[in-house]
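Quick notes on the structure that follows.
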Amino acid sequence: MNWESVIGLEIHAQLATNSKIFSGASTRYGGEPNTQACAVDLGLPGVLPVLNREAVSMAVKFGLATASTIASRSVFARKNYFYPDLPKGYQISQYELPIVQGGHLDIQWEEAGSGSESETKSKRVGITRAHLEEDAGKSLHEDFQGMTGVDLNRAGTPLIEIVSEPDMRSAREAVAYMRKIHALVRYLEICDGNMQEGSFRCDANISIRPKGDEKLGTRTELKNLNSFRFVERAIEYEIERQIDVLETGGKVIQETRLYDPDNNETRPMRSKEEANDYRYFPDPDLLPVVVDADFVENIRDTLPELPDAKKSRFESEYGLSPIDAGLLTSGRELAEFYEKTVTASGGQAKLSANWIMVELAGALNKVGMDITESPVDAGMLGGLTRRIADGTLSGKLAKQVFDAMWKGEGHADDIIDAKGLRQVTDTGEIDGLIDEAIANNPAQVAQYRAGKDKLLGFFVGLIMKASKGKANPGKVNERLRTKLSE
């Protein structure tokens with residue numbers, strides 16, 4: 001039987017406020033356990049929560065960026081359940097009346113085509129809702145001699161939970177959507193997107209059904225996935241697991257599962273709760289959140305250029321392909337780095353793009369750095385591409401200069417002068433090298449003139465070696481063909 005997977009994501013993005021959503025306690029990461037949780041976060045008797053205005057602003061900003069409806073009136077509710085790191089016995093969240101509803105994002109992803117090349121596909125994914133809530137604390141299971149410790153520093157940290165429609169049909173689509181949300185919240189500067197610190201994480205809801213069937217299958221939820229690679233691998237495993245269960249006569253159980261990356265498998269965590277299990281009711285300590293049109297429009301005025309708009313501009317303004325423009329706008333910092341590089345290069349848009357996506361990206365990936373940590377800044381890389389464009393450097397020499405820049409030896413012009421790396425473009429000097437190569441290899445000259453055109457590469461290699469890689473390859477080829485034809 002042909003099966004179809006149905007996937008929806010619930011993404012939790014920690015909002016980049018300085019204080020928590022209902023208290024003045026710090027949201028700074030890395031504090032000693034239980035040093036950043038105040039009486040409000042612990043729900044001690046007599047305390048009252050006070051809503052953080054900045055968290056509301058950030059939620060509205062996200063809603064505007066996703067063409068969503070901003071609710072003029074939204075309500076906080078108590079979501080009741082017991083867990084050791086939830087000291088109040090309930091989480092303050094939004095349920096029936098969330099602040100953001102009914103938006104969408106357009107995504108693109110690569111899939112294997114019928115031939116050897118991949119095929120770019122696109123889709124619009126609906127956003128059901130995005131609601132504000134507080135985070136819980138964290139249970140620590142290590143180094144406690146068989147006991148569990150609880151760190152409540154994270155309790156009360158503001159989150160926006162972004163719930164998609166079940167519009168995705170493959171793990172690759174889900175990752176593309178998650179990456180798009182990740183880029184968007186960073187563009188908006190409402191979340192730092194740090195997945196290692198738990199600032200951006202995801203729950204995936206997965207079911208399968210016979211292809212062409214409209215009825216949804218029984219879903220499972222994969223909890224707390226905190227890397228794009230884990231999301232893809234976990235979803236792929238769970239799809240195959242559910243297919244195997246059904247094809248061997250079993251039934252998929254609605255449950256919450258955890259992904260074990262070491263063994264690449266999902267394991268049951270608990271039975272999946274329904275909304276009524278949480279006994280939601282409006283929080284009596286918090287008034288409804290009312291936002292008027294002026295509040296929303298003031299926030300709209302602060303929106304930056306968003307990824308899709310920036311991608312379109314990069315295509316039209318810099319002449320980039322859709323794929324290259326998409327890569328270079330996949331992160332706010334990367335897009336800014338690119339534009340600064342183009343400016344420093346004197347407008348070498350495509351050359352700058354190639355050097356960022358190939359040489360610089362390769363060097364960063366090798367040492368596990370991102371663009372914000374690059375030892376070669378945009379001005380330095382722009383200076384290098386400027387020298388490639390004006391003929392000072394060949395591609396081979398440029399790589400030597402880049403390596404020296406990476407090691408901290410200075411800017412391109414300084415390295416070129418210090419190492420004597422200027423490309424030889426003088427026709428007279430190049431002619432001399434060609435004449436010497438022709439004179440020393442009469443047999444190969446005769447073979448070339450007899451029709452063995454491939455020997456041109458032999459002569460080019462000799463000349464480049466004699467010039468220590470400094471001769472301009474274009475001029476070498478041009479002058480060599482002329483002289484070999486004489």
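The values are calculated or read from the model by the stated rules, or taken from the named source; none is laboratory data. This structure is a prediction, so every number in the text was calculated from the model and none was measured. All Cβ positions, even for glycine, are placed from backbone atoms using ideal geometry, and neighbour counts span all protein chains on display.
If you filter the stretch 361-396 down to residues that are under 18 Å from E317 (Cβ atoms) and touching a Phe, Trp or Tyr at 6+ places or on another chain (Cβ under 9 Å), you find that the one that is surrounded by the fewest Cβ atoms within 10 Å (Cβ to Cβ) is A378.
Selection of the stretch 10-62 for residues being outside any loop (DSSP other than H, G, I, E, B), of a type in the set (G, A, S) and closer than 14 Å to C191 by Cα yields A13, S19, A55, S57, A59.
Within the stretch 316-325, the set of residues being part of a helix (DSSP H, G or I) and surrounded by fewer than 16 Cβ atoms within 10 Å (Cβ to Cβ) comprises S316, E317, P322, I323. Checked against (1) assigned to a loop (DSSP other than H, G, I, E, B); (2) at pLDDT 95 or above, D85 passes all but a single condition, namely (2).
Residues in the stretch 18-37 that are surrounded by fewer than 20 Cβ atoms within 10 Å (Cβ to Cβ) and either under 30 Å from the mean Cα position of the chain (by Cα) or touching a residue at least 60 places away in the same chain (Cβ under 8 Å) (or both): N18, S19, S26, R28, Y29, G30, G31, E32, P33, N34, T35.
From the list L421, L456, L433, which residue is at pLDDT 70 or above, more than 29 Å from A363 (Cβ to Cβ) and crowded, with 19+ Cβ neighbours inside 10 Å?
Residue meeting the stated conditions: L433.
Does V296 meet the test of being within 20 Å of C191 (Cα to Cα) and in contact with a strand residue (DSSP E or B) (Cβ under 7 Å, 6 or more places away or on another chain)? Yes, satisfied. Considering the stretch 305-357, and only residues there that are more than 21 Å from I190 (Cα to Cα) and acidic (D, E), the residue that is nearest to the chain's Cα centre (by Cα) turns out to be D324.
Residue-by-condition table, conditions (1) in contact with a strand residue (DSSP E or B) (Cβ under 6 Å, 6 or more places away or on another chain); (2) at pLDDT 90 or above; (3) over 30 Å from N194 (Cβ atoms):
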site: S352; (1), (2), (3): no, yes, no
site: L393; (1), (2), (3): no, no, yes
site: V401; (1), (2), (3): no, yes, yes
site: W406; (1), (2), (3): no, yes, no
site: H411; (1), (2), (3): no, yes, yes
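Checking each residue in the stretch 182-220 for being part of a loop (DSSP other than H, G, I, E, B), over 22 Å from V56 (Cα atoms) and of a type in the set (S, T, Y) picks out only T218. Where residues in the stretch 221-277 are in a helix (DSSP H, G or I), among the β-branched types (V, I, T) and over 23 Å from the mean Cα position of the chain (by Cα), which of them is farthest from S170 (Cα to Cα)? Among those residues, the one meeting the criterion is V245. Once the stretch 326-360 is narrowed to residues that are buried (at least 20 other Cβ atoms within 10 Å of the Cβ) and hydroxyl-bearing (S, T, Y), the residue that is nearest to T120 (Cα to Cα) is T329. The residue that is nearest to A183 (Cα to Cα), counting only those in the stretch 343-374 that are touching a residue at least 12 places away in the same chain (Cβ under 8 Å) and assigned to a loop (DSSP other than H, G, I, E, B), is D370. The residues in the stretch 165-203 that are more than 19 Å from E238 (Cα to Cα) and hydrophobic (A, V, I, L, M, F, W, C) can be counted, and the count is 9. Within the stretch 244-257, residues that are on the phi > 0 side of the Ramachandran plot have Cβ atoms under 9 Å from residues that are small (G, A, S) and assigned to a helix (DSSP H, G or I) in no pair, counting only partners at least 6 apart in sequence or on another chain. Among residues of the stretch 85-104 that are touching a residue at least 40 places away in the same chain (Cβ under 8 Å) and crowded, with 21+ Cβ neighbours inside 10 Å, those with a beta-carbon under 7 Å from a residue that is charged (D, E, K, R) and in a strand (DSSP E or B) at least six positions away or on a different chain give the pairs I92/R78; I92/E133; I92/E134; V100/R129.
Pairs linking a residue in the stretch 288-308 that is within 21 Å of V75 (Cα to Cα) and assigned to a strand (DSSP E or B) to a residue that is at pLDDT 95 or above and of a type in the set (S, T, Y), with Cβ atoms under 9 Å and 6 or more positions apart or on different chains, are V289/S74; V290/S72; V290/S74. For the stretch 123-164, the candidate set comprises residues that are within 23 Å of E236 (Cα to Cα) and of a type in the set (K, R); within that set, the residue that is surrounded by the most Cβ atoms within 10 Å (Cβ to Cβ) is K123. In summary, I7 fulfils each of the numbered conditions (1) touching a helix residue (DSSP H, G or I) at 6+ places or on another chain (Cβ under 8 Å); (2) surrounded by fewer than 17 Cβ atoms within 10 Å (Cβ to Cβ); (3) in a strand (DSSP E or B) with the single exception of condition (2).
Tell me yes or no: at least one residue of the stretch 215-234 is free of Cβ contacts under 8 Å to residues at least 12 places away in the same chain, more than 27 Å from D308 (Cα to Cα) and basic (K, R). Yes; the residues of the stretch 215-234 include at least one that is free of Cβ contacts under 8 Å to residues at least 12 places away in the same chain, more than 27 Å from D308 (Cα to Cα) and basic (K, R).
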